[in-house]
Amino acid sequence: MSKLSYEDKINLYNDKKRGMSIGSLSNQYKVRKCVINYLTALIDKHGIDILRTSKNKIHTKYEKQEAIDRVLVNGEAVWAVALDIGLLSKGMLNNWISKYKENGYNIVERKRGRSTMPKVIKKKENETKDEKIKRLEQENMYLKAEIEYSKKLRAVVQARKNQQQKKK
């Protein structure tokens with residue numbers, strides 16, 4: 001499936017409104033029929049301005065949580081929720097839900113920008129005993145911090161699971 005440009009989306013929508021069949025549009029633009037149906041429903045509901053040409057919209061944790069809850073808790077259809085909140089693809093919401101389940105029913109924001117993790121100090125060929133001790137102490141501190149982080153994360157995930165089970 002090819003990714004549609006802004007102009008292709010507008011042309012596809014206009015062709016659909018002029019009465020072209022979904023099958024012929026699918027062949028012409030090389031997209032699935034469900035993509036055409038979703039795109040036309042999205043523009044009908046939100047207007048042509050929903051097709052942004054500039055920067056991608058970043059959704060907050062709370063927006064994602066609300067959408068996921070509407071699907072998992074309220075039992076609404078993914079297609080309807082994605083359309084209602086104005087996502088450009090229902091696949092985005094499906095991805096949010098699968099990541100949500102993978103992360104122990106927690107919303108995890110994707111980190112943007114450079115990593116803040118310190119670089120691991122590489123072993124030198126001709127290092128003295130003092131340098132070796134200093135390097136090993138730094139590695140030891142780093143690993144201890146990593147273990148503490150993992151323990152706290154595990155505890156939070158377990159508490160969240162227990163809370164979810166109590167609600168059921």
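The values are calculated or read from the model by the stated rules, or taken from the named source; none is laboratory data. Just so it is clear, the model here is predicted, and its values are computed rather than measured. Please note: Cβ atoms are built from the backbone with ideal geometry, for glycine as well, and neighbour counts cover all protein chains shown. The protein model used for the area step is the full one, side chains on, heavy atoms only, and it has no ligands, DNA or RNA in it. Shrake-Rupley method; radii C 1.70, N 1.55, O 1.52, S 1.80 Å.
Annotations
- Flag for TYR149 being among the hydroxyl-bearing types (Ser, Thr, Tyr) and closer than 27 Å to TYR105 by Cα: yes
- Entry remark, the range 41-64: residues being crowded, with 17+ Cβ neighbours inside 10 Å and either of a type in the set (Gly, Ala, Ser) or more than 27 Å from ILE107 (Cβ to Cβ) (or both) number 1 in total.
- Residue tally, condition without any contact (Cβ under 8 Å) to a residue 24 or more places away in the chain, open to solvent by less than 60 Å² (accessible area, probe 1.4 Å) and part of a loop (DSSP other than H, G, I, E, B), over the range 1-18: 1
- Test: residue in the range 123-134 that is surrounded by fewer than 12 Cβ atoms within 10 Å (Cβ to Cβ), among the basic types (Lys, Arg) and at pLDDT below 85: yes
- If the condition is being in contact (Cβ under 8 Å) with a residue 40 or more places away in the chain, of a type outside the set (Lys, Arg) and part of a helix (DSSP H, G or I), then the range 45-81 contributes HIS46, GLN65, TRP79.
- Scan of the range 95-112 for residues that are exposed (fewer than 14 other Cβ atoms within 10 Å of the Cβ) and modelled with pLDDT of 85 or more, ordered by number: ASN95, SER98
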